[in-house]
Amino acid sequence: MTSLEPNPATGIGNPPADIDSVAQSVVASLKDIRKTYYMGALAVEVLHGISLDFYQGEYVSIMGPSGCGKSTLMNILGCLDKPTEGTYYLGGEDTSEMDDDELSTIRGARLGFIFQSYNLIQQLNVLENIEMPLFYQGYSEQDSHEIAMGLVERVGLEDRIDHKPFELSGGQQQRVAIARALAVDPLIILADEPTGNLDTKSGAEILDLFDELNQQGKTLIMITHSDELAERSPRWVRMLDGKVESDDRRNS
Amino acid sequence: MTDAILEPTVQPRRRPDRPKLRAGNRLVRFKKITQVGIKSIYSHGLRSLLTVLGIVIGVAAVIAMLAVSEGASFEAQQQFRDLGANNILLKSVKPAEVEASSNRGFGPPQAIIYGLTLADVETIRSTIPGISNVIASRIVKKNVWHLGRSMNTDVVGTAVDYPTSRNYNLRSGRFFSETEMRDHANVVVLSDEVANVLFPIDNPLGLSIKIDSDYYNVIGIMESEGFSNLGQNQAGSSNAAPSRIYIPFTASKSRFGETTTRQTAGGMERETVELHEAIIQVDNQESVIEVGEIIEQILARRHKDIDYAIEIPLALLRQAEESALRDQIVAGAIAGISLLVGGIGIMNIMLASVTERTREIGIRRALGAKKRDIITQFLIEAVILSGVGGVIGVVLGIAIPFIISAVWGMTTIVTPVAPLLAFSISALIGVVFGIYPSMRAADMDPVEALRHE
Ligand SMILES: Nc1ncnc2c1ncn2[C@@H]1O[C@H](COP(=O)(O)OP(=O)(O)OP(=O)(O)O)[C@@H](O)[C@H]1O
Ligand SMILES: [Mg+2]
């Protein structure tokens, strides 16, 4: 197992060594991203120039100490927030040019979100939660239903489709969230500490599911606190104080 | 193996250049958003109920108040319409000065002379163009008898076209004819009321009644008159609608004479009144008020005292209409305020709901909802609340006037406009007062919203 040398100066993760054999494309590209929060007169720069490329089919962990800016970066990747400076290309499109409606569309059609606290809608049942992103993309009821049923099975909750989120365990809720994130077949699935609220066993199940999804070709970016979890993935980016400290790949 | 995982051929995937935006079925979208709205209304049952209550009360109040004021004004106007919109009514009124002077005298009381005369009526008829008919009447209070039964009533000596002039219908029989008028015939037409008292069982037609020492043959029954609130010049009939019977004018004059006696608080009083009442019919409704003014001038010139009264139903009708409009504006304003309060209630609830559901808004935004989707969602919720309130309000608003009519016997009229108006206002209120909270929801920063506890 060899690790590629990261380039902390540029922060650009190098593509895998055997680039020719994979010939894969960049799905998300961050160039010198900076994010400054303004609190009254006080300006706090949280991200100090981050450049990273993510490739199709990759499974990347992002780790780092609390407060180093992981979630801030994730929000930018998720088009929930705009960088103060720098450019972000998602699927070949420059997101800095987009207005709120276009960003909403790109979130709904290109990205799948998995949150630490699941973020399911409490009034809706399992199936309806999974259907929701499809609804905003204008899928017909029949298509949405078919897709959602397929995904419910895939995450092993076919006997829970009528249940409301509060009737499910944390692990089950997170599996609903994963199914929801998969619904529109997004370019990238973004997960911010997806196992943070789960016990070890349920957490492991979720991570197994991630491995499985990645093997099926899904692109995953996951934030985690734990080095152990991070090293399960083939690539891991270590952040420190708003910068990329290292960008490693497992090569075996 | 890394290679295998990254191999692009592993999974062919759809990658359109632009996010696929199926225009989708707007109706389906709308239906879904509506379902979401209904769900969240259900999940906050009590709160939704209280919100709806404000609108229900507002809408019901609008409809009920309009129905009551509409009914009241219809009733008022009907009274004047009954008197005939083309008519001008003249009545003899005992002047105050005469009243005072008559009590001062010694010896046997002198007959007081006052009121309208045939000469007055003749002058009016001949000088003012556009008068089609004048019906002059004498009204004398008498005891009328049939067998053992008797009743004190106004005996109206009048012209043959009296019923048509005031739109009275005969229930049965007929009114007297020109021939009977010429012959001073002893024939009588009873009002319902009198007929019921004197002839509780028999059909009075063809039978006779007795007034003083004369018998009169009953030839017709007429429905009771509506009342006129002016010139109740006969003692004892000050407020209530007088019960009346009708005999030919000529018969009244020859049987009862010019001077009549009436009972007053101070004893018997004798008075000479040539005409108690005259109905002047004008050809054209437009000129009724003008003709009334001329008559007033003529009478003022001919009479020293004001011993007459003029009543123009049309003018009273106009006044009634005006005051009805005022009533309706007031009623509308009060009801409008209650609707406004209902609307503010909706806004309040919606604002609370938006704050409470900040997290949900964040989730929806992250999953692809545009601002406009969020606005639509909350707006639909507001409109459903106010719409449901509106429907219940309309039902109640229509029911309440019925109850009022049934219990208090008031006339109420629900015009089709009122429920329609009230309902549209309530729906509009949903939109107007729902917009601000909805915009607040849509303008929330998705990141902030997702972090919200
Ligand atoms: N809206 C904001 N306004 C001001 N400062 C913010 C805001 N959001 C985040 N920050 C600051 O930016 C820094 C990075 O926050 P971020 O949430 O990205 O950290 P993190 O790496 O995700 O930490 P954790 O592991 O605890 O989740 C923190 O110092 C935080 O205080
Ligand atoms: Mg974080």
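Report yes if A:SER202 is within 19 Å of A:PHE115 (Cα to Cα), within 16 Å of ligand 1 (Cβ to nearest atom) and at pLDDT below 95, otherwise no. Against the criterion (within 19 Å of A:PHE115 (Cα to Cα), within 16 Å of ligand 1 (Cβ to nearest atom) and at pLDDT below 95), A:SER202 does not qualify.
For A:ILE189, state whether it is within 21 Å of A:GLY64 (Cα to Cα) and away from ligand 1 (no atom under 16 Å from the Cβ). When the stated conditions are applied, A:ILE189 passes them.
Residue by residue through segment B:396-428, note down the ones that are aliphatic (A, V, I, L, M), part of a helix (DSSP H, G or I) and farther than 27 Å from B:ILE344 by Cβ.
Selection gives B:ILE403, B:ILE404, B:ALA406, B:VAL407.
So which residues in segment A:26-58 are hydroxyl-bearing (Ser, Thr, Tyr) and touching a Phe, Trp or Tyr at 6+ places or on another chain (Cβ under 7 Å), if there are any at all? Hit for segment A:26-58 is A:SER29, nothing else. In this structure, B:ILE384 does not satisfy being assigned to a helix (DSSP H, G or I), surrounded by fewer than 19 Cβ atoms within 10 Å (Cβ to Cβ) and away from chain A (no Cβ under 14 Å). When A:GLY67, A:GLY86, A:GLY108 are checked against the criterion of being in contact with a Gly (Cβ under 8 Å, 6 or more places away or on another chain) and either among the charged types (D, E, K, R) or outside any strand (DSSP E or B) (or both), a single residue qualifies: A:GLY108.
Does A:ILE114 satisfy the condition of being farther than 25 Å from B:ILE41 by Cα and of a type in the set (Val, Ile, Thr)?
Working: farther than 25 Å from B:ILE41 by Cα: yes; of a type in the set (Val, Ile, Thr): yes.
In short, yes.
For A:GLY86, the criteria (1) more than 16 Å from the chain's Cα centre (by Cα); (2) away from ligand 1 (no atom under 16 Å from the Cβ); (3) more than 11 Å from chain B (Cβ to nearest Cβ) hold in every case but one, which is (2). Summed over segment B:189-224, the residues that are under 14 Å from B:LYS253 (Cα atoms) and among the β-branched types (Val, Ile, Thr) give a count of 1. Applying the criterion of being more than 10 Å from ligand 1 (Cβ to nearest atom), closer than 16 Å to A:VAL237 by Cα and touching a Ser or Thr at 6+ places or on another chain (Cβ under 7 Å) to the residues of segment A:60-83, the residue that is farthest from the other protein chains (Cβ to nearest Cβ) is A:SER61. Does A:SER117 meet the test of being within 10 Å of chain B (Cβ to nearest Cβ), within 16 Å of ligand 1 (Cβ to nearest atom) and at pLDDT below 95? Answer is yes for this residue. Give me the residue from segment A:33-55 that is farther than 16 Å from A:GLY78 by Cα, of a type outside the set (Val, Ile, Thr) and within 14 Å of chain B (Cβ to nearest Cβ) and, out of that set, farthest from ligand 1 (Cβ to nearest atom). Applying the filter and picking the extreme gives A:TYR38. Those strands (runs of 3 or more DSSP E) of segment B:251-353 in which at least 2 residues are of a type in the set (S, T, N, Q), considering only elements entirely within it, cover B:259-264.
The values are calculated or read from the model by the stated rules, or taken from the named source; none is laboratory data. Worth saying up front: this structure is predicted, and the values here are computed from it rather than measured. Please note: Cβ atoms are built from the backbone with ideal geometry, for glycine as well, and neighbour counts cover all protein chains shown.
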